[in-house]
Structures are given as C-alpha cells and as structure tokens.
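Reading through the structure tokens given below for one structure.
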Amino acid sequence: MVRRFYAFCRNVFRKNRVDHELEEEIRSYLELVAAEKVRCGVTREEALREARRDLGSLERVKENVRDIRTGIYMDRLIQDVRYAIRTLIKNPAFSVVAILTLALGIGANTAMFTVVNAVLLKPLPYFQPDRLLTVWERRLTDGTLGTVAPANFFDWREQSRSFDKMAALDPYPDFILNGNGEAKRLSGAAVSSDFFPLLGVRMALGRSFLEKEDLPGENQVVILSYSTWLREFGGRTGILGKQVTLNNAGYTVVGVLPRDFSLVRNASDFQSRNRFDVWTPIGLGSAPASWLRGTHPLSVFGRLKPGLSFERAQADLDRIARNLQRLYPVYDKEAGITAIPLRQHVVANVRLALFTLLAAVGLVLLIACANIANLLLTRAAARQHEMSLRVALGASRKRLAQQLLTESIVLAIFGGLLGLFLVVMGVPALAHHLPKDLPRASEIAVDGRVLAFTTLLSALTGILFGLVPLFQSRQASANAPLKEGGRGIAAGQSRLRSALIVGQVAVALVLLTGAGLTMKSFWTLLQVSPGFRTGHILTGRLSLPPQYLNGYKFGTGEHRRISAFERELLERARHIPGVQSAAFTAYLPLSGTDNSWAFNIEGRSPKPAGVYDVANYRPVSADYFQTIGVPILRGRGFIDADNEDSPLVVIVNQTMARAFWQHGNPIGQRVRIGGEPKQRGWRTIVGIAGDVRHENLAVRPQPQLYLPYAQAPNVEARPTIVLRTSIDPTSLTSALRKAVSGVDPNVPLDQVETMKQIVSASVGQSRFRTAVLLIFALLALFVASIGLYGVMSYLVSQRTREFGIRMAVGATSGSILRLVLGQAAKLISIGICLGLVGAVLLARFIASLLYGITPFDADTLISVSALLAGVALLASYIPARRAAKADPMDSLRYE
Amino acid sequence: MATSQADLLQGTLDLLILKSLALEQLHGMGISRRIAQITNGTFEVKAGSLFPALHRLEEAGWLRSSWGESETNRRAKFYRLTKPGRNQLHIEAERWERISLAMASALRAT
C-alpha cells in the first residue's frame, strides 16, 4: 500500500523524471542487444538497426509501460484538464459567457446555502446539541404551547427520569448599571444553576453558577457576557470577585461567558430580546405558591440522557403531566407537556421559507445549465470535424466522452470559483440584508461545508450540462460529420434544443409563479390596516430603576412614584416643538412585547376549574388612543382623572365586545382581572376601542383589555413612550432623550424608533423572502430569454437556405416572420403549459408562507404566464426579424 | 492483436520474471535471455511486454531496481527480488504446479 502510494506520487509529481529514466532504460536495453549481436559478428550499425526492429516502436513500448503505471488516470486527467483549458482559452467569447453565467448561478446558490447552512444545517454551537430539548406547557384545549410556571419546572425537574439535566431561563429581568456616569440599561436573563452546564458552556473566565446560588440570599452573583465585559469593564480579568452595582444592589461577578457564546433563539422567543448582557441566578424560592403556579415566565431546556429516544422523553413527560393534572386541578387541569428538539424549535418558522429559496435558486441554476448546454451544442456542431478526426485516429468513444466531460467540469469549476469569490466578498452585505429576527444569522460564514457544497455543485453542474452534447453526439456516427452537410445531425440537435427551451420556459414559469404569489401575499399583508397610525409616530422604551418600583405590592395599584415621573415626562414631551401629543403604553403593538391575563365578567356563572377567558392586557396612559390613532368606537377614552384614587375603569376592543357581549352592550358592565383581590378588583367598562393587530400584521386581533396606567394591577417597569409628531419623527430623537434625562438622568431610554420602522421590521421575514424570490425569478426570466434568443438565432441560421428559397418563390418577409415566431410561440406555449402544471403542483408547499391568497391564485398564474410569454416572444422576435429582413440571394449564396 | 496473447500470458510472464530473478539480479535483457534459457527457448519475451511487466511488478513492490554496470561495462537498470517478491514467487509457483498437474491429469484422462 505504502509502495503503491509512493509510486503514485512519483508517477504524478515526477512524471518527467520517471519518463526520462524509462527512456534511458530502454536505450540501454537496445545497446545491450546490439552489443550481443556485435559479438556474433554483425557491424555495430547493423546490430543497432536490427535491435530497433526487434523492439518495435519505441513510443509504443513506452506507452505500454505508462499504461500500467499507478495513477495513469490522474495523468490522463491532467492531460484532459490542460487540453480543456487550452480549448477554453481558444474560444474566449464562449468561455467568458459560460463562466459568468455559471458564476452567477453557482454564486447565488452558494450564497443561499451559506444562509441555509448557518441557520438550518450546522450543529447548534453547544455540547452534543442533538440531545438538547426545549420543554413547553401545552394547553390541551387548543394545543398551543407556552412558557412554563416556575412550580411546574420544579416538578418536571424532580419527577422526570429521561433527562440528564433540566434548566430554566427567565428572560425578563432588566438591570440598570449604575456607576460610571450615565445610567445604562442591561438586558438580563435569570437562569437556574444547571443552565450553562446543560448547554456545555465553559466560561471564558471564572465559573458557572453554583447550586446554592439558586436559593434566595445567595443569588447576588452575576455572569457577564463577553461583549458586556469588554464594553463596560474594559475586559479586565480583575473584575472577577468584584462587586458591580445593578439596580442599586451589589452583585459579585463570578464569571464571563466565552466570546462566541450566544443563546440561539426562535424569532418568537424571549419577545424582542436577542442578546443578554448579564446573567443572574433565578432564585425562585421565596415567591408565593399562587405566583409560582399561576404565572408562566420560564423557558425550559432539557438534556436527554445518552441513548434515550426523544419519544421516551415525551412519554415520560406525559406521565408527569397526568400526575400534575391530578394534583393541581386549579392550575394544571388543562395542561400537557411537550418537548421539542432545540434545533427544530429554533428554526421552526424559517425552515420552509429557507428551503423554498434554496430550491428556487437551484431552479435558476438549472435554467443557466440549459443555456450552457445550448452553447455547448452549438460548439459541438462546430467541433464535429475535430471529434471525427480523433475517432478516426483511434481515440475510443469513452475517451472522447471523458475529455468532453472534463471540459464541462473545468468550465463549471471556473464558474464555481468565481461564484465563490463573489460570495466571499458579498457575505457581509448579505448578512446586513437579512431579516433581523432570523435565528443564528450571526453564524453565517463561508466554512468547509459551504466549500464542499460549492465544489460538489460545480461538478454536478458541469456533468449536467456536459452530458447534453454527449447524448447528442451518441446519435452521430463516426464518419457522418466527415461527409459534407450533416443535415441529419442538425435536425436531431434542433429537437434537443427545443426540448431545452421548453424546459427553461417551464422552470422559469414555476419561479415566476412563486415570486408572483409571494409578492401578492406581501402586498396583501402591507394593505392590512394595523388599526393604528403608523406615520409621524416616534416611540422609545424606558427602563424605570428600582427606586420607582420600591414599595410596590402586587395588586395594590401603588404607582404614585411612577405616575409622577410619567406625568412630568409627558408634560415635557408635549412641549417639544413638533410634538402634537404624547402617551405611554406598557406593550407597544408589533414590538414583540405582549402580556395576557385571565379575566372574569361580573354576574356570569364561574368557569370550571382550570378554564379561563383570556384577554391581552394593555395598561396605557390617558392620551394613548388619540396619540397612536386607535379610534374609540363607543363610550369614552381614558382621562387624566382615571387615576389611583378614582373608580377602576377599562376599555375593551371590538373583538372582545363581540366575543363576550354578542347581543348586549358591554359599556357599564364590570370585569375583574385574574389574581386581583376581589374587594378592589371590579373594573367598569367605559368604552369600546378599535381592533389593533398587535402580534404581527398577519394575526387577527385577540380580545384586548385596556386600562389606565395608574390603575394597572401590576408594575410596568419598561413602558414605551409614544409621540405623535407634526414633523419628521426621527428629527425629534435627541429632543426626546433630553426630555427623559431632564426628568431623571437615571432612567435609560433605548429602542428609539419610528412606528414606520417597527412595522417594517415586523414584516422583515416576509419582505426578505419576497425580495429574494423576485430577484431569482427575474434572473430566471432573463437567463431563459437569453437562451431562447440564442436557440431561435441558431434555428433561423439553420433554415437560412430554406427561407431564401421560400422568398425566392414569393414568400413575403411578413410570412417568414410569422413562420419563425410561430415556431417560437409553439415552444413557449408548451413550456408555459408544463410550467403551469409544475407551478400548481409545487405552490401548495408554500401555501403556509402566503397571507390572504391561495396558492392557486388565478390572477397571479395568468399574469406571470402573460409576462413570460411576452418576454419570450420579444426574445425570439429579434432573430425572426433578422430572418425576414435577409436578402434571399445572400442566403442562397451562403451555402 | 498482441494484447489478447499478452493478457493470456500475463500470469505466466510474471512468474517467469520472478523465477528468473530468484538467483541473482539481472537487467532487462538479462531477464529476457534467462527466461529463454530456463524455458529452453519456448518463451521469447519481447521488450514491448517485458518492460510493462517489470514496471508493474516493481510498483507492486515485488521487484526493486537500481542502476548499475553491465558485464560489458554499460549502464543498465538491474532488477532484483524483494522479500514480498520472493513470497509471491513461492505462491505463484505452487499455484502453477497445481494447475499444471491438474491440466496434465485432465489431458491424460481417457
């Protein structure tokens, strides 16, 4: 084996030397034979001549020896590649066109693959990621999944038998970092001590949390993210063991996360949070039982025991769910438990879209392949003589095929290299244009997998379009092309070309349909009224430090401190020139933040245990409705007098009014929000507001319950201020900042955005896939038109003589034009029919990506067919006109 | 064509080359002459099949070659058996003996 390898290396890399030695060896053999003959009395000259004659052809002997050498295939390959490159250089126009086409096709595929690779294919950046699961509460009534109540997490962790570890994450704590100057908001997460060991994360510095730090009193410790460590603490290793002040309390820094750590997330996880600056222990021990079972803030992760199947784990969880349903009927009667592999969960809502885009770009490449196959066919016709000659000289068909394929693959590899270069240059720009909520977007890079993909794709592409002319040359006999004319081959070629064109048109139509459908769907989505004003609105998010929240008790509505701050801020904001009105809301629509509460209606019979009516919960300040432009349809809006001391009031939206008071008037009725003390809890409905699309534009409004900020049962530490402006809202950003710091410099303001920006970001995924599909479809249309143009030109040139005769016997140029266009129209219409069948078959796969239209939207199908037919006819019109304009005498003389 | 004959004789040729080198190292022509000698002139190996066979056996690791001086003081490439080559010679020889015995008894049968 080793010797073979050695021989291989020597034969391939030291070819000249090996050849030289062989030559010398044979010469010395000749000399020896001659010397023998000389001894027998022949003259030296005569002896040498005889020896040569005995030997036969020196070259033949050498060739025979070469044939047995290890690595002869490699040798031939190098020969073929050299020859291919020479041929490509000799036909620069063909090579440039083909390589550019391929670079575009393969480059686009590679770019799409880098995204798919990073988001869908790469293993998650954790230890043994395939064993990681997310675990959710499932509402048995409708199957919806939700985050987890702390007490449930404790029970699961204790009772489950199939997990190595189970850990919880509370993604909501916010910290205000005091110290160096301006107060800064840090986004925090609280985790149970098993969290980092579960993921297999090793700290860059220090340690992970200890088990005892899960307990209250021990939990004043913090782990910093790498970027926070660099940004806020200068990357000093001395920070370990030191105290930092968060929310006016001292926390000891025990660790720093590694630079490359990030918590992969589904777009809908953790609401709008996509990074965590500081991590603290969760410390849930002291909360009241009703809170532990009644609120559901936690994301739960589990690591499967080795060798255990996912199904076993789910069965284990089902068993626990049945236990808990029995033990806690009030909370868990309708609660199941569902495990989802982490990877599957993370990509759940982008998987289909990304694979669709990858398939689309693959189709573009297919069309490009057809074009190059067409070019090769033309060239093959021109090279018939060369090929016949080589066959006549003894080259085997297999050897010729090998060489032609090598040419195609070399072409494709050059195209692939150029495409890869484009991608490497373009990846930063690409990452910039991706939707912000695409999971794992930060991991997008050209890595080994991408290189392997590009190589494989290039080779496959080369084989694919390289096989077409081979298929064609198989029909031709060896000597036919040596005869003049070769009409029969031309006819065979025409059929093959026509088939390629039909295929291109069909594939292009499939792509155009896909793009048309997503465009129409996106357009429909943008036409949806969100239920509020989007123009001339500026928003910003505040983080209230603990001094505002101290003394607050659940359900008491103790907001005086906050109210005072907010009143003063609104007052200042209203006086900013260009501001028409200002208001607060706890949960801004389309911002990714939300909250829902169970509620009861006064006088209705109580629901069975574990069954609730749920409404979105919206504390807002008095001017909110007029500021953001949500209409009050009946009754009144909130006024400043709806405060801590006045009777409790609420406003419901239209959906809630219709759902719960089908026949009556809700105004004057009273509702109570779940968990509030009965004596104080009843709130009177004073108005009905218009519906708002809160979650995203595609989701129908849920029942929504508005209440005055000052009367909210819960503290809202991160309200959003909303300004309605008469001028460009972005010009007021600094004025808003100044107003906030003017009231209290310790209150950080961030996420300052216009409502337009928020709406635009909320449809980012949809816009991205629409734009990308549109680009691919136009590319397909363009490439297919070029192909059609090329083929029609070729077909016309083949029939020059025929057209000349026709015109000589009286055909008008108009009739020639009609003849050629008719031929094109036939191909195009067959292509479109096939394409329509394909489009209808494929469109149902993307049905779930569409909003407001079915995949069989007749308008779309008709308009893309018309567009394609128009462009394709235009592309064939140019060669048709050339044929019609030709001088009949010229064309007759031509042959 | 010569190829089919060469194919038929390939195993034989390899064995003859190995055998011819069993005693001492030889150059190409020496091997050819030795084979003629030990087969009483039945096999005359031409350069066209000798050299490919030599190179194949060398790449298989059964022979090793080196440049040296011939008996007539000419530069020539000498081949000698390697240890695996000697083993191969035994294996091939045994196989061949079995075959030729079998063939002989088959042909003697009436």
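Take the conditions outside any loop (DSSP other than H, G, I, E, B) and either under 30 Å from B:Met29 (Cα atoms) or in contact with a Ser or Thr (Cβ under 8 Å, 6 or more places away or on another chain) (or both) and apply them to A:Leu102. Does it pass? Explain how you work it out, then say what you get.
On the way: outside any loop (DSSP other than H, G, I, E, B): yes; either under 30 Å from B:Met29 (Cα atoms) or in contact with a Ser or Thr (Cβ under 8 Å, 6 or more places away or on another chain) (or both): yes.
Judged against the criteria, A:Leu102 is a match.
For the stretch A:111-197, give me every one of the strands (runs of 3 or more DSSP E) that falls completely inside it and has 1 or more residues that are in contact with a helix residue (DSSP H, G or I) (Cβ under 6 Å, 6 or more places away or on another chain).
Details: elements: A:132-139, A:163-170, A:174-177, A:184-191.
Counting at least 1 such residues, we get A:132-139, A:163-170.
Given the conditions (1) closer than 30 Å to A:Gly790 by Cβ; (2) among the hydrophobic types (A, V, I, L, M, F, W, C); (3) buried (at least 16 other Cβ atoms within 10 Å of the Cβ), report the number of the one that A:Ala47 does not fulfil.
A:Ala47 satisfies all of (1) closer than 30 Å to A:Gly790 by Cβ; (2) among the hydrophobic types (A, V, I, L, M, F, W, C); (3) buried (at least 16 other Cβ atoms within 10 Å of the Cβ) except (1).
Regarding the stretch A:128-148, can at least one residue be identified that is closer than 27 Å to A:Ala359 by Cβ and touching a residue at least 12 places away in the same chain (Cβ under 8 Å)? Spell out the reasoning first.
In the first step, residues of the stretch A:128-148 are kept if they are closer than 27 Å to A:Ala359 by Cβ; the result is A:129-130.
When the remaining residues are screened for being touching a residue at least 12 places away in the same chain (Cβ under 8 Å), the result is A:129-130.
The answer is yes, given that some residue of the stretch A:128-148 is closer than 27 Å to A:Ala359 by Cβ and touching a residue at least 12 places away in the same chain (Cβ under 8 Å).
Quick one: in the stretch A:70-86, of everything that is assigned to a helix (DSSP H, G or I) and surrounded by 19 or more Cβ atoms within 10 Å (Cβ to Cβ), which residue is farthest from the other protein chains (Cβ to nearest Cβ)?
To start, the set of residues in the stretch A:70-86 that are assigned to a helix (DSSP H, G or I) comprises A:72-86.
Now drop any that are not surrounded by 19 or more Cβ atoms within 10 Å (Cβ to Cβ), which leaves A:80, A:84.
Working: A:Asp80: 23, A:Ala84: 28 Å.
Here the answer is A:Ala84.
Going through the stretch A:232-265 one residue at a time, which ones are more than 25 Å from A:Gly283 (Cα to Cα), among the basic types (Lys, Arg) and within 30 Å of the chain's Cα centre (by Cα)?
Listed by number, the list holds a single entry, A:Arg259.
Can you give me the ranges of the helices (runs of 4 or more DSSP H) entirely in the stretch A:277-396 with at least 2 residues that are in contact with a Phe, Trp or Tyr (Cβ under 7 Å, 6 or more places away or on another chain) and without any contact (Cβ under 8 Å) to a residue 60 or more places away in the chain?
Details: elements: A:289-294, A:310-327, A:329-332, A:342-347, A:351-382, A:384-392.
The helices (runs of 4 or more DSSP H) meeting that bar number zero.
Residues to consider are A:Leu438, A:Leu418, A:Leu456; find the one that is assigned to a helix (DSSP H, G or I) and touching a residue at least 24 places away in the same chain (Cβ under 8 Å).
Values: A:Leu438 fails: assigned to a helix (DSSP H, G or I); A:Leu456 fails: touching a residue at least 24 places away in the same chain (Cβ under 8 Å).
Every option except A:Leu418 fails the conditions.
When the stretch B:21-33 is examined, which residues are found to be more than 13 Å from every other protein chain (Cβ to nearest Cβ) and not polar (S, T, N, Q)?
Pass one, the stretch B:21-33, residues more than 13 Å from every other protein chain (Cβ to nearest Cβ): B:21-25.
B:Leu21, B:Ala22, B:Leu23, B:Glu24 - these are the residues of the stretch B:21-33 that are more than 13 Å from every other protein chain (Cβ to nearest Cβ) and not polar (S, T, N, Q).
For the stretch B:42-54, enumerate the residues that are within 8 Å of chain A (Cβ to nearest Cβ) and surrounded by fewer than 17 Cβ atoms within 10 Å (Cβ to Cβ).
The one that is within 8 Å of chain A (Cβ to nearest Cβ) and surrounded by fewer than 17 Cβ atoms within 10 Å (Cβ to Cβ): B:Lys46.
When residues of the stretch A:1-55 are filtered for being more than 11 Å from every other protein chain (Cβ to nearest Cβ) and of a type outside the set (D, E, K, R), how many remain?
The total comes to 11.
Would you mention how many residues in the stretch A:716-747 are over 16 Å from A:Ala573 (Cα atoms) and either in a helix (DSSP H, G or I) or not charged (D, E, K, R) (or both)? Steps first, answer last, please.
Of the stretch A:716-747, the ones over 16 Å from A:Ala573 (Cα atoms) are A:716-718, A:746.
Now restrict to residues that are either in a helix (DSSP H, G or I) or not charged (D, E, K, R) (or both): A:717, A:746.
Adding up the residues that qualify gives 2.
Hey, could you check the stretch B:60-85 for residues that are out of contact with any helix residue (DSSP H, G or I) (no Cβ under 8 Å at 6 or more places or on another chain) and in a helix (DSSP H, G or I) and say which is nearest to the other protein chains (Cβ to nearest Cβ)?
B:Pro84
Does the stretch A:56-66 hold any residues that are within 7 Å of another protein chain (Cβ to nearest Cβ) and either of a type outside the set (Lys, Arg) or not in a helix (DSSP H, G or I) (or both), and which are they?
We begin by selecting, within the stretch A:56-66, every residue within 7 Å of another protein chain (Cβ to nearest Cβ); these are A:56, A:60-61, A:64-65.
Hits for the stretch A:56-66 are A:Gly56, A:Val61, A:Asn64, A:Val65.
Which number in (1) within 14 Å of another protein chain (Cβ to nearest Cβ); (2) touching a residue at least 60 places away in the same chain (Cβ under 8 Å); (3) surrounded by fewer than 18 Cβ atoms within 10 Å (Cβ to Cβ); (4) not charged (D, E, K, R) marks the one condition that B:Ala36 misses?
Here B:Ala36 clears every test but (2).
Consider the stretch A:559-576. How many of its residues are farther than 16 Å from A:Ser741 by Cα and either surrounded by 17 or more Cβ atoms within 10 Å (Cβ to Cβ) or in contact (Cβ under 8 Å) with a residue 40 or more places away in the chain (or both)?
So the first thing to find is which residues in the stretch A:559-576 are farther than 16 Å from A:Ser741 by Cα, and the list is A:559-561, A:563.
Next cut, either surrounded by 17 or more Cβ atoms within 10 Å (Cβ to Cβ) or in contact (Cβ under 8 Å) with a residue 40 or more places away in the chain (or both) only: A:559-560, A:563.
Adding up the residues that qualify gives 3.
Looking at A:Tyr709 and the list (1) touching a Phe, Trp or Tyr at 6+ places or on another chain (Cβ under 9 Å); (2) closer than 28 Å to A:Val330 by Cβ, which single condition is not satisfied?
(2)
Restricting the stretch A:680-725 to residues that are of a type in the set (Val, Ile, Thr) and over 30 Å from A:Gln547 (Cβ atoms), which is surrounded by the fewest Cβ atoms within 10 Å (Cβ to Cβ)? Walk me through it before giving the result.
Residues of the stretch A:680-725 of a type in the set (Val, Ile, Thr): A:684-686, A:688, A:692, A:699, A:715, A:720-722, A:725.
With the extra rule that they be over 30 Å from A:Gln547 (Cβ atoms), the set shrinks to A:684-686, A:688, A:692, A:699, A:725.
Values: A:Thr684: 14, A:Ile685: 23, A:Val686: 23, A:Ile688: 21, A:Val692: 23, A:Val699: 9, A:Thr725: 21.
The extreme case among them is A:Val699.
If A:Gly200 meets every condition in (1) surrounded by fewer than 18 Cβ atoms within 10 Å (Cβ to Cβ); (2) under 28 Å from A:Leu549 (Cα atoms); (3) within 30 Å of the chain's Cα centre (by Cα) apart from one, which number is that one?
(2)
Does the stretch A:628-665 hold any residues that are of a type in the set (S, T, N, Q) and under 21 Å from A:Ala710 (Cα atoms), and which are they? Can you show your working first?
Filtering the stretch A:628-665 down to residues of a type in the set (S, T, N, Q) leaves A:643, A:646, A:653-655, A:662, A:665.
Of everything in the stretch A:628-665, those that are of a type in the set (S, T, N, Q) and under 21 Å from A:Ala710 (Cα atoms) turn out to be A:Asn643, A:Ser646, A:Asn653.
Test B:Leu57 against the stated conditions and say whether it is buried (at least 20 other Cβ atoms within 10 Å of the Cβ) and either within 12 Å of chain A (Cβ to nearest Cβ) or in a helix (DSSP H, G or I) (or both).
On the way: buried (at least 20 other Cβ atoms within 10 Å of the Cβ): yes; either within 12 Å of chain A (Cβ to nearest Cβ) or in a helix (DSSP H, G or I) (or both): yes.
Taking the combined requirement at face value, the residue satisfies it.
Coordinate-derived values only; no laboratory data. Because the structure is predicted, anything quoted here is derived from the model rather than measured. No Cβ is skipped: glycine too gets one built from the backbone with ideal geometry, and neighbour counts run over all protein chains shown.
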